[in-house]
Amino acid sequence: MDWKEVLRRRLATPNNGPNRKKSEQELKDEEMDLFTKYYSKWKGGRKNTNEFYKTIPRFYYRLPAEDEVLLQKLREESRAVFLQRKSRELLDNEELQNLWFLLDKHQTPPMIGEEAMINYENFLKVGEKAGPKCKQFFTAKVFAKLLHTDSYGRISIMQFFNYVMRKVWLHQTRIGLSLYDVAGQGYLRESDLENYILELIPTLPQLDGLEKSFYSFYVCTAVRKFFFFLDPLRTGKIKIQDILACSFLDDLLELRDEELSKESQETNWFSAPSALRVYGQYLNLDKDHNGMLSKEELSRYGTATMTNVFLDRVFQECLTYDGEMDYKTYLDFVLALENRKEPAALQYIFKLLDIENKGYLNVFSLNYFFRAIQELMKIHGQDPVSFQDVKDEIFDMVKPKDPLKISLQDLINSNQGDTVTTILIDLNGFWTYENREALVANDNENSADLDDT
């Protein structure tokens, strides 16, 4: 056969061999066929063949919508049952008394003064006899936590019992607060906390003298402290965990003590005298008796020596109604000025001082506010102090990371934030700072005179 004919036939015959180069379309079709094959196999058989998917926990639970009444009721009932079960797991008074009896019975001599001690061996014996509810407290970790410097390796029975009491109280309070958590998400809204405190009032003997007509103002006063310090981003809700971790709830429940001293009441924001003091100040400032405070009325707050520049910033930044502030806004103002060492209070004042919204105070910002102090000094017949001197003192006190800017964190870290803010917004505060050495000397002289007499 002619070789030309062989070659012609060879070219005319399609190449189906394994080494044949496939076209781009053929490759795409083959890829799609493989994808479809394996995807169908995975989709149809994953529940039966891939055990891994059985171990992934469900991490999202949709909350019932407002119109899903049945689901909402089911959720509420299930939460109530859950909280009741948790409450039954806690030690009651009788069980706590039994625990104290067992601890006292197994104390390990010798005593330290009048304080009874217990070693680890007896500690475990008490744990076995105390019952299943107490098991969580009788661990090596708890014992080591309470072990200090006893040469016999013992812990104080009283300290351990107080530890148990504190844990039980925290769990009881957590359950009590959770009953007001309408959303069931672990936080309380403002209305939730208001309901909690309103229903708590009858259980606090120190508030027995409050008129019922004042309850709403008292609740507002109490709730504001929680939200001012625990909700710095103003989200309108506070984690129950944060409420338990702070000392505010302790201060509030301290009012259960019928023999609480007058001094303790005066320093407790939640006491009746304190709430009446704050509300009384608000009423005294409200000269036109419209229930709101204008800038002019607020200027008489305290020693009436705050600068107009600072007050202007208060009414620019804070929530007002037709240029006047309500009681709730006033409470934030009072909490900030009465707690200037606290980060939340410094954050409030810093926002007012940061006139350019740059997140820091520069020389311009400091001069803007101190100029108003200088003007007040002239009005009161005092020689104005040089701004340069004050500016240098402020930067020396704060020692900011950037030598030309003072951030909020710089103020907090310096522990001088209260002094710096007072210098810039209040003439009386600045005068006190400027004459601090003379005032200390006078105090020492007065003390010496009293000692002589």
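The values are calculated or read from the model by the stated rules, or taken from the named source; none is laboratory data. Since the structure is predicted, the reported quantities are computational estimates derived from the model, not experimental observations. All Cβ positions, even for glycine, are placed from backbone atoms using ideal geometry, and neighbour counts span all protein chains on display. Please note that ligands, DNA and RNA were not included when accessible areas were found on the heavy atoms of the full protein model with its side chains. Shrake-Rupley method; radii C 1.70, N 1.55, O 1.52, S 1.80 Å.
Residue under question is Ile201, and the condition is that it be on the phi < 0 side of the Ramachandran plot and in contact with a strand residue (DSSP E or B) (Cβ under 7 Å, 6 or more places away or on another chain); does it hold? Quick ask: steps written out before the conclusion?
Numbers: on the phi < 0 side of the Ramachandran plot: yes; in contact with a strand residue (DSSP E or B) (Cβ under 7 Å, 6 or more places away or on another chain): no.
The answer is no for Ile201.
Among the residues of the stretch 88-129, those that are closer than 13 Å to Val168 by Cβ and either touching a Gly at 6+ places or on another chain (Cβ under 9 Å) or open to solvent by less than 60 Å² (accessible area, probe 1.4 Å) (or both) comprise Leu90, Leu91, Glu95, Leu96, Leu99.
Inclusion of Leu210 among residues that are in contact with a strand residue (DSSP E or B) (Cβ under 6 Å, 6 or more places away or on another chain), outside any helix (DSSP H, G or I) and either surrounded by 15 or more Cβ atoms within 10 Å (Cβ to Cβ) or at pLDDT 95 or above (or both) is not warranted. When the criteria are applied in full, Gln136 fails the requirement of being under 30 Å from Asn122 (Cβ atoms), open to solvent by less than 80 Å² (accessible area, probe 1.4 Å) and in a helix (DSSP H, G or I).
Being open to solvent by 40 Å² or more (accessible area, probe 1.4 Å) and over 30 Å from Arg62 (Cβ atoms), is that true of even one residue in the stretch 174-183? Outline the logic, then answer.
Kept after step one, since they are open to solvent by 40 Å² or more (accessible area, probe 1.4 Å), are these residues of the stretch 174-183: 174, 179-180, 182.
Okay, now just the ones that are also over 30 Å from Arg62 (Cβ atoms), so none.
Checking the stretch 174-183: not a single residue is open to solvent by 40 Å² or more (accessible area, probe 1.4 Å) and over 30 Å from Arg62 (Cβ atoms).
When each of Phe270, Phe315 is tested for being open to solvent by less than 60 Å² (accessible area, probe 1.4 Å) and part of a helix (DSSP H, G or I), the lone residue that passes is Phe315.
Pairing each residue of the stretch 57-77 that is of a type in the set (A, V, I, L, M) with any residue that is surrounded by 10 or more Cβ atoms within 10 Å (Cβ to Cβ), provided the two are 6+ apart or on different chains, yields C-beta distances under 7 Å for Leu71/Pro64. Is at least one residue of the stretch 224-245 over 18 Å from Tyr348 (Cα atoms), among the hydroxyl-bearing types (Ser, Thr, Tyr), assigned by the TED database to the domain that holds Tyr187 and surrounded by fewer than 18 Cβ atoms within 10 Å (Cβ to Cβ)? Taking every residue of the stretch 224-245 in turn, none turns out to be over 18 Å from Tyr348 (Cα atoms), among the hydroxyl-bearing types (Ser, Thr, Tyr), assigned by the TED database to the domain that holds Tyr187 and surrounded by fewer than 18 Cβ atoms within 10 Å (Cβ to Cβ). Within the stretch 352-406, restricting attention to residues that are of a type in the set (Lys, Arg) and in contact (Cβ under 8 Å) with a residue 12 or more places away in the chain, the residue that is nearest to Glu434 (Cα to Cα) is Lys391.
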